[in-house]
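Everything below concerns the one structure shown next.
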Protein chains: 2
Amino acid sequence: MKWQPLFAERTTQMRRSTVRELLKVTAQPGMISFAGGIPAPELFPVPEVAQAAANVLQRRGEQALQYGETEGVAELRDWIAARFSRAHFQVRPENVMIVTGSQQALDLIGKVFLNAGDRVLVENPTYLAMLSAWRPMMPAFVPLPSDTDGLCVDALSPLLRAGAKLIYLVPNFQNPQGITLSLPRRRQLLECINGRRLVPSDVAQTFLSAGSGDIPVPCSKLLATGKRATTSHKPQTIIIEDNPYGELRYSGDPLPHLLELDAANGAGGELETCVIHLGTFSKVLIPGLRVGWVIAPAEVIDKLVQAKQAADLHTSTLCQHVILELIRNGVLERQIPRLREAYGLRRDTMLSALAAHFPDGTTWTRPDGGMFLLVTLPPHIEIGFLLKRALARNVAFVPGDDFHLDGQGRNTLRLNFSNATPERIEEGVKRLGGVLVEMLRTG
Amino acid sequence: MKWQPLFAERTTQMRRSTVRELLKVTAQPGMISFAGGIPAPELFPVPEVAQAAANVLQRRGEQALQYGETEGVAELRDWIAARFSRAHFQVRPENVMIVTGSQQALDLIGKVFLNAGDRVLVENPTYLAMLSAWRPMMPAFVPLPSDTDGLCVDALSPLLRAGAKLIYLVPNFQNPQGITLSLPRRRQLLECINGRRLVPSDVAQTFLSAGSGDIPVPCSKLLATGKRATTSHKPQTIIIEDNPYGELRYSGDPLPHLLELDAANGAGGELETCVIHLGTFSKVLIPGLRVGWVIAPAEVIDKLVQAKQAADLHTSTLCQHVILELIRNGVLERQIPRLREAYGLRRDTMLSALAAHFPDGTTWTRPDGGMFLLVTLPPHIEIGFLLKRALARNVAFVPGDDFHLDGQGRNTLRLNFSNATPERIEEGVKRLGGVLVEMLRTG
């Protein structure tokens, strides 16, 4: 049977993820892997999970093994709603949906929002698996530049005027760069998206006189008071705030979520915001349970739930109940500082090792948290050859070009610092630096 | 923010599933529910699951909580491959992918195969959540008639000549009718799809002289020997064999899967078949773990894996390891006969209760297994009104029209017999019969 002609047109957009395929190689014993976005397994709270599973099965076994509601287990949605509510707005359970890892949220968002040709603004480089999730919907990705303060919002206004369905951001410790969107940039982004006050080059054209104190007036408040009337004809752009790493901060002060800066409650108490916020228990607790969440206005959640019913009915009830039990037992709140300490040390170790072992002419980002940094090599380095030589010395990394949209990044590599122990990070960076020095000398 | 204009065109095809929404109502205490396709929770092997989870977390906790391969846990794929191999063909691990419930397989198949306008042949009535999964891809569904022997294959030939991308079938104890595709029909279907020997009306036109003994020659064998050459210009049609209930047979003899009748190994040992076979642990073991599988040629699995990477990275590793442990501990093999006995009794109870309490002029199917039967009422009964009156007496069912494609089935209702105990089945059918008799009397 010839299968190729039977595949749908959208499958031409599908490919196996380099990162996930590379993971199979890096699972070999002895390999020091800086490749995956893989948590340190020795830090998993295994006995606590065993206890949680035992409790759940003893106390509500039938419920935890039965089919469940597509929206997710009610008590878990309640907890997330409470955790993301603030003094100036309330998240209700109807604003929360549980998903099978936040990757599923990306898949569902692509299905629910993207027509072929829709413009999607993304940082460049950006998260690879978002591209994989959305490419089959055939949108037009528009790459945006960034610097050490994150996305360069100044570049945004003309693109927004041309119309864009979504803008996708990992504001905290972005994958693959590890950089964080600064607070002024967060405010500027929301003002820009909401058309309240555009960036400097456009100020003259559409400056609106809404008082700009320290805290921006949420867009929904402006909507309610009619202050946005002059720009309401503009096509709306949705912000997808993907926040898998936000809790893993090792230096600097925590910044408010875009959701937090933008959200307000409408007259009926409904959540009003242009932000769809994605979170996950994978990085702070356990990836193998595949439990994440989406926070959004109820109308959006309603549509995402319809898409999820068709996608997998619901996320594992047992996994959701185990997560809930871990939260109730205080394991999550103990695990977060534990990971911050351990991963913070690993980040420091990697930064020191890079300074010690990497040759002149290489640079790297200095993340305040998360799991990754991005190294930029001299432009003439052939990264495929570097990877081959590194693997021969039992060190793995991910070439950076896959994260880039426009053929850029061919001299970059992403290094993960959460998976290997400090000793192995030191050793791996040393080996990698050795290979590099050799290549530069002979190259 | 106005969300409606931002949704993609395909979302007009999405709606909340009546069945899953109805489940929320039926969760009320005191309700006798014939609505969902819900296993009996009191038959879940809860202590065995607790033991399995404890073993897994003790023996390979880090592995069971870590990210895993998109294809699924290797040992589980091995087990499925061995279970579906036969004397005349071997299923290899590369032919098996683990999915987040077999619902996810439907979602992935829709993504990978369906272009807008592709023709999809389906039994009528058919499985509701398949329609939900595929509708957003905007195929053209073509309803096929069926009788007590399952799909009427005679109707198929002209439709196949016109071209069809997929034919979707639940050959065993179909949802919602509970009917089973007979062995002669299975053979006829495969002959028809593979163009080897068409149904009576077409015999004259394209009869091929391949010797027809008891066992049909697998299509791939025919391909290999070139016997199908005369019809090889025909567009190929893929059979989706969805088999969630196959192990739950209470009477009659087990029939071979379509996969089993069709598959062969090619020269390199590759699996060759036009059948994609879907299975799940949800009905025979535990639905809340969300673990199912797909069996298909490696080329198809490869594409489905790409789609799954983008959809949810992988299915919960913990859930897969728990299933594997339950298999190794013999729990699956003990659970299947246990469910057969219990559900068989429930089916018998429902059939007797229907005979005793339902008025003349109503008919119903007599399933040999599975979880459902379909009742047909006199045509003038208003089924929405019946549901309302039934819910008022704490009995729930699903109106049959949602399972139908062409506005048919407005006087049908699906009854589930796996969830309620025999006593409650007797009581519920009695109440439902009482409501019906009343409605017929008052006209």
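The values are calculated or read from the model by the stated rules, or taken from the named source; none is laboratory data. What you see is a predicted model, and the numbers here were worked out from it, not measured in a lab. Here the Cβ positions follow ideal geometry from the backbone for every residue, glycine too, while neighbour counts run over all protein chains shown.
In segment A:320-361, which residues are assigned to a loop (DSSP other than H, G, I, E, B) and free of Cβ contacts under 8 Å to residues at least 40 places away in the same chain?
A:330, A:360
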Filtering segment B:412-443 down to residues that are among the basic types (Lys, Arg), more than 23 Å from residue B:44 (Cα to Cα) and part of a helix (DSSP H, G or I) yields B:430, B:431, B:441
If you go through B:424, B:410, B:441, the only one that is in contact (Cβ under 8 Å) with a residue 40 or more places away in the chain and charged (D, E, K, R) is B:424
With the first residue restricted to segment B:62-84 and required to be closer than 21 Å to residue A:103 by Cα, and the second required to be among the hydroxyl-bearing types (Ser, Thr, Tyr), Cβ contacts under 6 Å at 6 or more apart or on different chains are B:64/B:317; B:68/B:317
Of those in segment B:7-22 that are of a type in the set (A, V, I, L, M) and assigned to a helix (DSSP H, G or I), the residue nearest to the other protein chains (Cβ to nearest Cβ) is B:19
Only one of B:406, B:401 is among the acidic types (Asp, Glu) and surrounded by 17 or more Cβ atoms within 10 Å (Cβ to Cβ), namely B:401
Selection over segment B:290-302 where residues are surrounded by 24 or more Cβ atoms within 10 Å (Cβ to Cβ), within 18 Å of residue B:85 (Cβ to Cβ) and within 10 Å of chain A (Cβ to nearest Cβ) yields a count of 2
task = Test residue B:95 against the criterion of being away from chain A (no Cβ under 12 Å), within 20 Å of the chain's Cα centre (by Cα) and crowded, with 24+ Cβ neighbours inside 10 Å, and give yes or no.
result = yes
Within segment A:101-138, restricting to residues that are in contact with a strand residue (DSSP E or B) (Cβ under 9 Å, 6 or more places away or on another chain) and of a type in the set (Val, Ile, Thr), the one that is surrounded by the most Cβ atoms within 10 Å (Cβ to Cβ) is A:109
Of A:100, A:148, the only residue that is of a type in the set (S, T, N, Q), more than 30 Å from residue A:78 (Cβ to Cβ) and in contact (Cβ under 8 Å) with a residue 60 or more places away in the chain is A:148
Checked A:68, A:30 against criteria (among the small types (Gly, Ala, Ser), within 13 Å of chain B (Cβ to nearest Cβ) and either within 29 Å of residue B:112 (Cα to Cα) or not in a helix (DSSP H, G or I) (or both)); the one match is A:68
### Query
In this structure, does residue B:128 turn out to be touching a helix residue (DSSP H, G or I) at 6+ places or on another chain (Cβ under 9 Å), touching a residue at least 24 places away in the same chain (Cβ under 8 Å) and away from chain A (no Cβ under 14 Å)?
no
Counting only residues in segment A:38-56 that are part of a loop (DSSP other than H, G, I, E, B) and facing chain B (nearest Cβ under 8 Å), the one farthest from residue A:141 (Cα to Cα) is identified as A:44
Segment B:135-249: helices (runs of 4 or more DSSP H) wholly inside it with 2 or more residues that are modelled with pLDDT under 95, within 26 Å of the chain's Cα centre (by Cα) and in the same structural domain as residue B:114 (by TED's automatic domain parsing) are B:156-161, B:183-193, B:219-225
Residue A:393 meets each of (1) within 23 Å of residue A:346 (Cβ to Cβ); (2) touching a Leu at 6+ places or on another chain (Cβ under 9 Å); (3) surrounded by 17 or more Cβ atoms within 10 Å (Cβ to Cβ) with one exception, condition (3)
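Criterion first (touching a residue at least 40 places away in the same chain (Cβ under 8 Å), assigned to a helix (DSSP H, G or I) and more than 9 Å from chain B (Cβ to nearest Cβ)) does residue A:35 satisfy it?
Against the criterion (touching a residue at least 40 places away in the same chain (Cβ under 8 Å), assigned to a helix (DSSP H, G or I) and more than 9 Å from chain B (Cβ to nearest Cβ)), residue A:35 does not qualify.
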Residue within segment A:2-11 that is in contact (Cβ under 8 Å) with a residue 12 or more places away in the chain and more than 25 Å from residue A:279 (Cβ to Cβ) present | yes
Of the residues in segment A:303-322, those that are more than 8 Å from chain B (Cβ to nearest Cβ) and either surrounded by fewer than 24 Cβ atoms within 10 Å (Cβ to Cβ) or closer than 18 Å to residue B:21 by Cα (or both) come to A:304, A:308
Residue pairs within 6 Å by beta carbon, gap of at least six or interchain, first lying in segment B:272-289 and at the interface with chain A (Cβ under 10 Å from one of its Cβ atoms), second of a type in the set (Ser, Thr, Tyr), listed first then second, are B:272/B:220; B:287/A:67; B:288/A:317; B:289/A:316
task: State whether one or more residues within segment B:104-123 are in the same structural domain as residue B:272 (by TED's automatic domain parsing), part of a loop (DSSP other than H, G, I, E, B) and under 23 Å from residue B:180 (Cβ atoms).
output: no
- prompt: Does residue B:62 qualify as being acidic (Asp, Glu), more than 10 Å from every other protein chain (Cβ to nearest Cβ) and assigned to a helix (DSSP H, G or I)?
  reply: no
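Any idea how many residues of segment B:94-103 are assigned to a helix (DSSP H, G or I) and hydroxyl-bearing (Ser, Thr, Tyr)?
1
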Exception for residue B:325 within (1) closer than 30 Å to residue B:410 by Cβ; (2) within 14 Å of chain A (Cβ to nearest Cβ); (3) of a type outside the set (A, V, I, L, M, F, W, C) falls at (1)
Picking from B:48, B:69, the residue that is surrounded by fewer than 22 Cβ atoms within 10 Å (Cβ to Cβ), acidic (Asp, Glu) and in contact with a His (Cβ under 7 Å, 6 or more places away or on another chain) would be B:69
Within segment A:289-331, the count of residues that are on the phi < 0 side of the Ramachandran plot, out of contact with any Ser or Thr (no Cβ under 9 Å at 6 or more places or on another chain) and among the small types (Gly, Ala, Ser) comes to 1
